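Remarks on the structure that follows.
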Amino acid sequence: MMKRSVFFLAGLLVSFLFAQPATAAWTYDASAGTISDGNWTLRVNRLSDGTYSLGVGSGADARAYIAGEGDLDLRGVETDTGVAISQLFTNALNANTVMTSLILPDTVVMIGNAAASGCTALTNVVLSANLQTLGSSAFSYCTVLETVTPFLPDTLTSLGDRAFQSSNALGGDLKLLNPAIDEVAIYTFFWCTGITSAVMPYVNAIEQGVFEGCTSITNVVMNEAVQSIGKRLFYGCTELESFYPTKMDSLTSLGDRAFYNCQKMKGDFTFRNPALQTIDAMTFFSCASITSVEIPYAVTLGTSAFRDCTSLKRVEFGYQLQSIGERSFNGCTSLETVTPFLPPSVTSISSYAFSGCTAITNELSLTNPALVNFPNQSFYRFKGPKITLPPSASTFARTSFTQLTPGVEIYFLGDAPASITSQAFSTTDSNDPCVMYACRVMDKEGWAAVTTELTDADRAKASFPGFGTFGLLVDGSARNWLVHWKSPLASGPFVLQIQ
């Protein structure tokens with residue numbers, strides 16, 4: 001009985017094996033310019049060096065694909081037919097929605113522009129080990145493409161823009177190890193959400209959006225002499241933790257939103273190239289794990305350049321800084337040291353620039369005569385002990401210096417300002433107000449212009465024994481300001497107490 005069972009099973013196995021279709025040999029029809037394996041029929045074109053390209057032109061009528069579906073394995077073509085395929089021509093398999101995998105022979109050295117773009121059923125690709133050129137948009141919008149092997153060949157010398165753009169499922173560890181690849185063009189790996197790392201030791205220029213939306217990437221290695229980082233390079237790479245180099249002293253160009261929302265990226269970043277003068281809008285927005293930044297040659301800080309960098313403790317400027325954009329350091333709650341704070345070169349500070357920077361302990365010195373206006377919440381909740389305002393300080397918006405350290409000393413270097421809005425200055429403790437010093441003691445008329453006569457009740461609020469009460473600054477119905485001066489007037493500064 002047992003012998004019968006064994007023979008029966010063996011018979012079934014033999015029948016099963018013989019029932020499987022054998023891999024069909026490729027044939028070549030020279031007159032038609034096609035190769036075929038009984039399933040796939042593809043156009044080929046003989047080149048001047050005796051090799052062949054898959055596809056013969058850029059138009060839809062010249063694409064390689066004629067018929068076939070499923071897995072396309074081209075490794076046996078040369079053995080079966082003598083046709084050595086060296087190229088996938090432009091658009092060769094473009095928009096093929098029935099090809100599920102693609103295996104290329106090692107004779108292929110070039111994949112042309114959009115050669116396999118829009119292949120929406122393609123799940124895996126095996127590249128030639130001798131591939132040199134990968135064209136623009138070669139595998140873009142292959143929305144279910146998961147693996148490319150190798151990723152990428154060490155022989156690769158040219159990588160086109162958008163090569164894998166929006167191939168959302170593509171994953172793996174990217175390696176660009178050929179010294180010939182020193183630049184990566186725009187959107188090359190845009191929204192390849194499965195890429196986990198990128199090692200690019202020879203790349204010193206990387207353009208806009210190359211890794212934008214790569215939400216699984218955790219580690220990036222670039223050339224330590226990197227010179228150019230494009231806009232939105234790592235935009236939304238929320239898992240990026242390690243970036244090398246953090247010392248980018250050769251960098252000449254850093255695009256806006258380059259590290260936008262890279263919440264886990266750690267490190268102390270330095271940018272000491274005199275050519276790098278602008279940190280653009282939202283460059284490090286919400287990089288919540290970086291700890292220090294040195295930008296000694298920066299002239300301009302864009303809107304929200306370092307906003308919500310909640311672990312940032314130290315910033316070092318140079319003496320060229322002129323403009324600080326809106327919310328540049330808004331929400332940097334751990335920021336303790338800003339050196340210098342601020343350089344005399346600063347001519348413009350926008351709303352919320354240092355709002356919420358509650359850990360800063362520097363004295364704030366603002367001396368540039370060109371610095372005139374102080375908009376909303378410029379230094380909201382600043383905790384330093386002293387503020388020096390420039391000679392030309394003229395307009396203070398509501399809450400521009402509100403919620404300051406109780407007892408903070410504020411020095412006006414010039415005449416009385418043209419406008420001080422209600423609640424422009426206040427402390428966190430109404431019983432311990434700011435103390436303000438008007439350094440131009442002869443500007444009695446200037447201060448009189450922004451005050452009104454006091455009532456007896458107002459005079460009773462004076463809390464500095466030995467000081468005379470001059471007036472009360474009234475904004476609408478809010479009486480916030482008591483103005484005092486030493487007696488005699490010419491012997492010392494006015495003292496302004498905010499109640």
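The values are calculated or read from the model by the stated rules, or taken from the named source; none is laboratory data. As the structure is a computational prediction, the values presented were derived from the model and not from experiment. We place every Cβ from the backbone using ideal geometry, glycine too, and count neighbours over all the protein chains shown. Note: areas computed on protein heavy atoms with side chains; ligands, DNA, RNA excluded. Shrake-Rupley method; radii C 1.70, N 1.55, O 1.52, S 1.80 Å.
Atom-type composition of the exposed protein surface of the stretch 127-201 places 51 percent of the accessible area on carbon and sulfur (1.4 angstrom probe). Applying 1/(1 + (r/R0)^6) with r as the Cβ-Cβ distance of residue 370 and residue 336 and R0 = 30 angstrom yields a FRET efficiency of 0.60. For residue 100, the amide hydrogen comes within under 5 Å of the amide hydrogens of 70, 71, 72, counting only partners 5 or more places away or on other chains and with H modelled in the peptide plane. Solvent-accessible surface of the stretch 74-181, taken per residue with a 1.4 Å probe and all protein chains present: 34 Å². Note on the stretch 222-380: Cα Rg divided by 2.2 N^0.38 Å, N the number of residues, gives 0.96.
What order do you get for 323-332, 237-246 when each peptide is scored by the mean count of other beta carbon atoms within 10 Å, highest first? Please list the in-between numbers first.
Values: 323-332: 23.0, 237-246: 18.6.
For the peptides 323-332, 237-246, the packing ranking is 323-332, 237-246.
Summarising the amide proton neighbourhood of residue 65: residues at separation of 5 or more, or on other chains, whose placed amide H is nearer than 5 Å comprise 43.
Which order do the peptides 24-35, 138-149 take when ranked by the mean count of other beta-carbon atoms within 10 Å per residue, highest first?
138-149, 24-35
If you take all C-alpha pairs in the stretch 362-434, what percent of them are over 16 Å apart? Spell out each step's value before the answer.
Values: 1141 of 2628 pairs.
Roughly 43 percent, rounded to a whole number.
Ranked from largest to smallest solvent-accessible area, with a 1.4 Å probe on the protein heavy atoms, 190, 382, 89 come out as 89, 190, 382. Here the Karplus curve 6.51 cos²θ - 1.76 cosθ + 1.60, taken at θ = phi - 60°, turns the phi angles of the stretch 50-55 into couplings of x, 8, 10, 9, 8, x Hz, with x standing for Gly and Pro. Binning the C-alpha pair distances of the stretch 92-134 at 10 Å intervals from 0 yields a P(r) profile of 30, 56, 15 %, listed from the shortest bin outward. A P(r) calculated from all alpha carbon pairs of the stretch 52-204, with 5 Å bins opening at zero, reads 2, 10, 19, 25, 22, 12, 6, 2, 0 percent. Annotation: amide H-H contacts under 5 Å for residue 410 (H modelled 1.01 Å from N, sequence separation of 5 or more, or interchain): 387, 435, 436, 437. Using C-alpha pairs below 8 Å separated by at least 6 residues, the relative contact order for the stretch 149-224 is 30 percent.
Computed from the Cα positions only, the extents of the stretch 110-190 along the three principal axes stand at 33, 22, 21 Å, in decreasing order.
According to the Cα-based calculation, Rg over Rh for the stretch 289-410 is 0.92, with Rh computed by the Kirkwood formula.
Out of all Cα-Cα pairs in the stretch 229-277, roughly what percent, to the nearest whole number, are more than 18 Å apart?
Cα-Cα pairs in the stretch 229-277 separated by more than 18 Å: 28 percent.
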